[in-house]
Amino acid sequence: MASAKQTTLYNRHLENNGHMVSFAGYLLPSYYTSINREHAVVRENAGLFDVSHMGEFIVSGNDRSIFMQKMTVNDVFSLIPGQAQYSAMCYENGGLVDDLLIYKRDESYLLVVNAANLEKDLNWLDANIEGQVLIEDVSDRIELIALQGPKARVILQPLIDSDLRELSFYHFIDGHVMGCKAMISRTGYTGELGYEIYAHPKYIVQIWDSIMESGVKYGIKPVGIGSRDTLRMEMKYSLYGIDIDENTNPIEAGLGWVVKMGKGNFLGKDALCESMKNLSRRLVCLKMTERAIPRNGCRILINDDVVGYITSGTMSPSLQEGIGIGYVNMPFAKTGTELKVDIRGKQKSAEIVKGPFYQQGSLLD
């Protein structure tokens, strides 16, 4: 842990008895009290995450839109200033370089990438530059916190001078939080109503403190990356390096909805077209039908034949049952298929279900 970086909020985590772990090269709190308690806080009230480990790039220049259209699978041309988009970058063979968020400004794009992929992503973008394009790594100048939960809006509203009811899902505004300059985005990774707040490191502690103070009467708590993981699993949100990587493509990973084949050429398009025609496996949701907890790497079987493997699994805090995400070979990947999961040498019964597992979230409230 000695070589891991600290975020600007590191001392706040220690003051709140954060159990610090090394994650993607940073020291971050896995939990403060317990993962299950913090999971419940986000589902019922609101939790505040430090996700400052994420990487940020600014893409500018006259040819920025054409470049971004080539580099990503979603349709960048469909964006208007103030709008965000979930997307991905692929290699020519269709394998995922990374999944990412794109924020469109008047004269630039802000890309938010996974911390562990920062150098790889930057190199990939640089290697494929065409035209008048400038790519700047601004990760050290931006910190990111995420306020997530059904009480998020009522907590944040008194601190800013804009009406949050007018901020639609996957849109953002530039404003201030208690006088501190920030970008406020209605996005998140939990399935709940939430806002991600981007600000300079010199402002982030003040913003964190003001949100915590505003949220006291609404039951806000600081929450760690442990509950972020269980929350995203309940929503079947993929985690790069676990559920998706360079050996998976967005079609088999259930991300076909972000791949816009009709937009023109982009890196990986031919391979993804072929994958659509010859899909050999699919990322599915599995619910255990007997008490057991699936984990990464567990084999999935039908009649003792291995037909897939678990990528993410947990005991769902919200549903109180074992859930898993995993790749299953075609044609066994249909909803309702009964199968077994090999958990420490014992075959436990499971069923493929339609995702997400948790469907009572406040995401679109």
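Here, each number is a calculation from the coordinates, and none is a lab measurement. The structure displayed is predicted, hence computed values, not measured ones. Don't worry about glycine lacking a Cβ; one is built from the backbone with ideal geometry, like all the others, and counts go over all protein chains shown.
Give the separation of the Cα centroids, region 70-99 to region 33-52, in Å.
29 Å
To the nearest 0.05, what FRET efficiency results for S280 and K202 with a Förster distance of 56 Å applied to their C-beta separation?
Given R0 = 56 Å and the Cβ-Cβ separation, E is 0.65.
Reported to two decimal places, what Rg/Rh ratio describes the chain when computed on Cα atoms with Rh from the Kirkwood expression?
On the way: Rg = 20.5 Å, Rh = 21.3 Å.
Answer for the chain: 0.96.
For an R0 of 41 angstrom, estimate the FRET efficiency from the Cβ-Cβ distance between I242 and E213 and round to the nearest 0.05. Could you put the intermediate results ahead of the total?
On the way: r = 35 Å, r/R0 = 0.85.
Rounded to the nearest 0.05, the efficiency is 0.70.
Once both labels are modelled 7 Å past Cα along the beta-carbon direction, what's the A127-Q360 spacing in nm?
4.7 nm
Membrane-span-like helices in the chain: DSSP H runs reaching 18 Å or more (Cα, own axis), mean Kyte hydropathy at least -1.0?
Details: long enough: 201-215 (22 Å, -0.04).
Within the chain the helices that satisfy the rule are 201-215.
For the chain, what is the mean residue ellipticity at 222 nm derived from helices alone (per DSSP H run of n ≥ 4: -39500 (n - 2.57); sum divided by total residues; nearest 500 deg cm²/dmol)?
On the way: 8 runs with 73 residues, N = 365.
Here the helix-only value at 222 nm equals -5500 deg cm²/dmol.
Test of understanding: what is the full-extension gain from N11 to R141, defined as 0.36 nm times their sequence separation minus their Cα-Cα distance?
Working: separation 130, 0.36 × 130 = 46.80 nm, distance 1.86 nm.
Length gained between N11 and R141: 44.9 nm.
Under a no-solvent Debye model with one identical scatterer per Cα of region 11-51, what's log10 I(q)/I(0) at q = 0.18, 0.32 Å⁻¹?
-0.51, -1.15
With a cut-off of 8 Å between alpha carbons and a minimum separation of six or more residues, what is the relative contact order of region 280-357 in percent? Don't skip to the end; give the middle numbers.
On the way: 201 pairs, mean separation 30.8, N = 78.
It comes to 39 percent, rounded to a whole number.
Given the C-alpha centroids of region 302-365 and region 250-287, what is the distance between them in whole angstrom?
Using only Cα atoms to place each centre, the spacing works out to 21 Å.
Can you tell me the mean projection area, over all orientations, of the convex hull of region 280-357's alpha carbons? Units nm², please. Mind showing how you got there, number by number?
Working: hull surface 17.7 nm².
In nm², the orientation-averaged hull projection of region 280-357 is 4.4.
Within the P(r) computed for region 190-242, what percentage of the Cα pairs occupies the region above 12 Å?
Details: 1024 of 1378 pairs.
Pairs farther apart than 12 Å: 74 percent.
Does region 1-109 come out rounded, prolate or oblate, given a ≥ b ≥ c as the square roots of the eigenvalues of its C-alpha gyration tensor, rounded meaning a/c under 1.5 and, failing that, prolate meaning a/b above b/c?
Values: a/c = 2.32, a/b = 2.04, b/c = 1.14.
It is prolate, given that a/c is not under 1.5 and a/b is the larger ratio.
R0 = 41 Å: FRET efficiency of Q83 with D305, Cβ-based, nearest 0.05? Can you show the working numbers first?
Working: r = 46 Å, r/R0 = 1.12.
In this case the efficiency is close to 0.35.
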